[in-house]
Amino acid sequence: MTEASMDGRRSEPIAFDAIRRAIAKRVTESAALPTFTATAIADVEALMTLRAEFNAQLGATGQKVSVNDFIVRAVTLALAHHPEVNASYSGEGRGQILMHDRINIGLAVDSPAGLMTPVLRDADQDSLTEIARKTRDVVTRARLRKLGLPDMADGTFTISNLGMFGVDHFAALIVPPQGAILAVGAAAEQLKMVDGKIVARRVLSCTLTADHRIIRGVLAARFLGTLTTLLENPKKLGRTPSGAH
């Protein structure tokens, strides 16, 4: 039923479906969390070069990898190095930190049903090409409304990337009950001093939003430091065309 306002505007109400109700519930819960944000800037010039080489080697029939696929791989390694970030808060007893023994990465995906966060389970066990394949699958199914609530369950950490839309920097809301989320901006050129010379380098911002009840500022900084190092030295990610597993 169309509703009319005092100034003559007419608004068409659109009822929430189950997915959108779940999304609305989560963001409301997230807004009430005691969070903080921390941002690090990564020089991704080497990553962009390696990605181009990787895709060229894969050829026309291979599964191309995106910058986001490299980011997912780097995040899984950083979480393995800092398992306290791969955690959730529990109110049981006097309060608890739930340390997760699996790294399940949620991906923030825009869809006709709204923002969805399908989960790549055990993403730390996947190669770049496997991450790329799984990501394309969940993104396609999200846009076709073929994802269900089980597809978005069991996430331990989420990545939200708006770089493809030209967004330089932003902070994202945590997906409860997870303890943190990473917001990634666009890879943009920036003038930097390298070996005594001013050169243009592609950089991107990584902003961590963390639940302050379980993740302290120093831990967030260390996690971002590890992540930045991995992004700036992409051959350390492994499972690249150089022959690493």
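The values are calculated or read from the model by the stated rules, or taken from the named source; none is laboratory data. In this text the structure is predicted, and so the values were computed from the model without any measurement. Here the Cβ positions follow ideal geometry from the backbone for every residue, glycine too, while neighbour counts run over all protein chains shown. For the accessible areas, the whole protein counts, side chains as well, though only heavy atoms, and no ligand, DNA or RNA atoms are used. Shrake-Rupley method; radii C 1.70, N 1.55, O 1.52, S 1.80 Å.
General observations
- Accessible-area composition of the chain, carbon plus sulfur, in percent [1.4 Å probe]: 54
- Dipole check for the stretch 145-245: with +1 at the C-beta of Lys and Arg, -1 at the C-beta of Asp and Glu, and the Cα centre as origin, the magnitude is about 220 Debye.
- Size of charge dipole - the chain - debye, nearest 20, with Cβ of Lys, Arg +1 and Asp, Glu -1, no other charges: 200
- Summary of the geometry: the stretch 5-71 and the stretch 111-176, compared by the centres of their Cα atoms, lie 7 Å apart.
- Theoretical gain in end-to-end length, A31 to K192 [0.36 nm per residue, Cα-Cα removed]: 54.3 nm
- Peptides ranked, highest mean first, by Cβ atoms within 10 Å: ranges 170-179, 184-193: 170-179, 184-193
- If R0 is 25 Å, the Cβ-Cβ spacing of E130 and T49 corresponds to a FRET efficiency of close to 0.70.
- The stretch 45-151, dipole about Cα centre (Lys/Arg Cβ +1, Asp/Glu Cβ -1), debye to the nearest 20: 460
- Protection proxy ranking of 204-210, 83-89, 43-49 - average other beta-carbon atoms within 10 Å, highest first: 204-210, 83-89, 43-49
- Cβ-derived FRET efficiency at R0 25 Å, K64 paired with R121, nearest 0.05: 0.65
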